[in-house]
Amino acid sequence: MHYALQHMVPETDTNAKPKTRRSRWVLLLVLPYIGLCFPIVYARSTPELWGFPFFYWYQFAWVILASGLLAIVYRKLKT
């Protein structure tokens with residue numbers, strides 16, 4: 001029985017390094033965080049854009065920019 005249990009467990013190579021994909025492209029994903037992390041910078045009403053205070057359109061612009069950055073990072077890491 002002991003022999004059967006030994007062969008059911010897959011062998012692992014103790015010297016094998018885990019394959020991790022590290023890329024500097026991922027650092028682009030920090031930009032939206034930094035851009036929105038300090039509301040004291042953008043918590044104001046001027047300048048307005050189409051009647052919307054700066055506070056609102058600045059945050060909405062980051063939604064669009066973050067989506068673009070995610071697409072870029074995804075495509076770069078996919079290849």
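The values are calculated or read from the model by the stated rules, or taken from the named source; none is laboratory data. Note that the structure is a prediction, hence the values are computed from the model and not measured. Neighbour counts are summed over all protein chains in view; Cβ atoms, including those assigned to glycine, are modelled from backbone coordinates with ideal geometry.
Quick look at the numbers
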quantity: Selection count where residues are outside any helix (DSSP H, G or I) and of a type in the set (Gly, Ala, Ser), scope the stretch 38-79; calculated: 3
quantity: Selection count where residues are out of contact with any helix residue (DSSP H, G or I) (no Cβ under 8 Å at 6 or more places or on another chain) and surrounded by 11 or more Cβ atoms within 10 Å (Cβ to Cβ), scope the stretch 26-38; calculated: 1
quantity: Close pairs (8 angstrom Cβ cut-off, 6 or more residues apart or separate chains): farther than 18 Å from Ile64 by Cβ and hydrophobic (A, V, I, L, M, F, W, C) in the stretch 35-50, surrounded by 10 or more Cβ atoms within 10 Å (Cβ to Cβ) and modelled with pLDDT of 90 or more anywhere; calculated: Ala43/Phe55
